[in-house]
Structure formats: C-alpha cells, structure tokens
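Each remark here refers to the structure printed beneath this line.
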Amino acid sequence: MTYDDGSDERGQDDPEGTLSRRGFGRIVAGVLGVLGVHTALDSPSVAAKRKKRRKGKGKNGNACPPGRDDGSSASLDPEEQAFLGLINEYRVANGRKRLTHNAQLGAAAQAHSLDMGTRNYYDHNSPEGVTPRQRISRQGYCAQAGWGENINADHDIETAAATFQEWKDSPPHNKNMLDPDFEEIGIGRAFVAGSEWSWYWTTNFGDRDWN
C-alpha cells in the first residue's frame, strides 16, 4: 500500500494477534483484534477497554531537524499535563529519557481523539483511511521521523491516571511508553457528549533520529 507521503508498507500477520510490518514497518496491536475490528462477541464493556498501539518508521530521506522544547506543554489541560508527568516519571524510573511535548504531535493527537468521538469510531485510521503517520505529517511533523500511537476510549478514563494504568497494563502499549528511541510526545484528550465512549485519548510519539 502506498501512502500520500510516498512511503509503503509490507508485512505479514503475527499469530499472537499483532500485525507486524517490516521495512517501512509498524506494529499494530489491539487487545481484541487487529485494528479494532468488531466481532459478534464484542460487548460495550469489552470494546471500551480495547487499546491500540502502533509503531512505524518514517520513509528514508533528508534528516529531521533536532527536537526541542517548543513550550507547547503549557497548552495542555490539567489531566494531559498530569499524563506527561506520569509517563516521564515512569520512563525515568525505567532508565529512559524524558519525553518533550511537541505541538505538532499534540495537534494530531487532539484532532484524532475529537474525531473518534464526534464520528463514533475507534481506530488508528480514520474512516477515510488516513493513518497516524499521515496525520502527524499533515500537522508539519517531520515525515522521516519514527512514530508511535496509543489510543484509548471508555466512559471511565477521564483522568490521566486511569488511562496511564490501562496502557501500562497492556504490554504493547507499555512498549510504546517505554520505547527508548522516542523523544517527543503529543497528548490529546477529548470528551464528546452523546458519543459511544464519552472519553477519548490519543498519544503520538516521535523519534527524529530514526533512520
């Protein structure tokens, strides 16, 4: 499949329930199925707990400019700020470097959380097929960067602590949070009244040195 940023992806299904992509690859994991496809066994309480993780490699090309503290963390709401603190405390405790909040990753994360709630879907890709990497690239984030994404949706994940704990308890999502290569993060939390799950979280991770 070729995307509008010029990259492609190749891979094969993993028997453990994740979809692995190599080359310009990514890893996709969902607690109840690849890409969150609903099955006849899904119930609202179970589907609400599904979380997603992706990690991908940006296309080869010119190097990305170095990351920097762009001050965008000041625009986070109190729970998003709390999540940034939690994940950085967790990373430091596990020998990882702190993440810097990036405005472009944050804009992509916020827009995706709001879009999922507004249009009542739960997936990394939009109904039109727009991928996480396309979203962050369209916000101006370096197209050559490595990237990752975690999403969550439920009625009882208003707080940073609730979402952090669910992702921590899920090995593939925890892997994104502790990935030593990631340097930057964008955090987006949205409440959409009348939507299927009420609260939606997206975190986008970036690695400008991935080559």
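The values are calculated or read from the model by the stated rules, or taken from the named source; none is laboratory data. Source: prediction; values computed, not measured. FYI the Cβ positions are ideal-geometry reconstructions off the backbone, even for glycines, and counts take in every protein chain you see. In case anyone asks, the SASA skips ligands and DNA or RNA and just uses the protein heavy atoms, side chains included. Shrake-Rupley method; radii C 1.70, N 1.55, O 1.52, S 1.80 Å.
Report the calculated FRET efficiency for Val130 and Ala93 (r = Cβ-Cβ distance, R0 = 45 Å), to the nearest 0.05. So the FRET efficiency works out to roughly 0.80. Available extension along the chain between Asp209 and Arg138 is 23.6 nm, counting 0.36 nm per residue and deducting the alpha carbon span. Taking every protein chain into account, the 1.4 Å probe leaves Lys168 with about 80 Å² of accessible area, to the nearest ten. Surface listing: Thr159, Thr131 arranged by accessible area from highest to lowest gives Thr159, Thr131, probe 1.4 Å.
Given q = 0.15 Å⁻¹, what are the Debye log10 I(q)/I(0) values for the stretch 61-139, with equal point scatterers placed on the Cα positions and solvent ignored? The Debye formula, applied to the Cα set alone, gives -0.69. Averaged over residues, the count of other Cβ atoms within 10 Å places the peptides 187-195, 103-111 in the sequence 103-111, 187-195, highest first. Of the solvent-accessible surface of the stretch 61-136, computed with a 1.4 Å probe over protein heavy atoms with every protein chain present, carbon and sulfur atoms account for 51 percent. Over the stretch 104-211, accessible surface divided per residue gives 34 Å², non-protein components excluded, 1.4 Å probe. In the assembled protein chains, Ser198 presents an accessible area of approximately 20 Å² (probe radius 1.4 Å).
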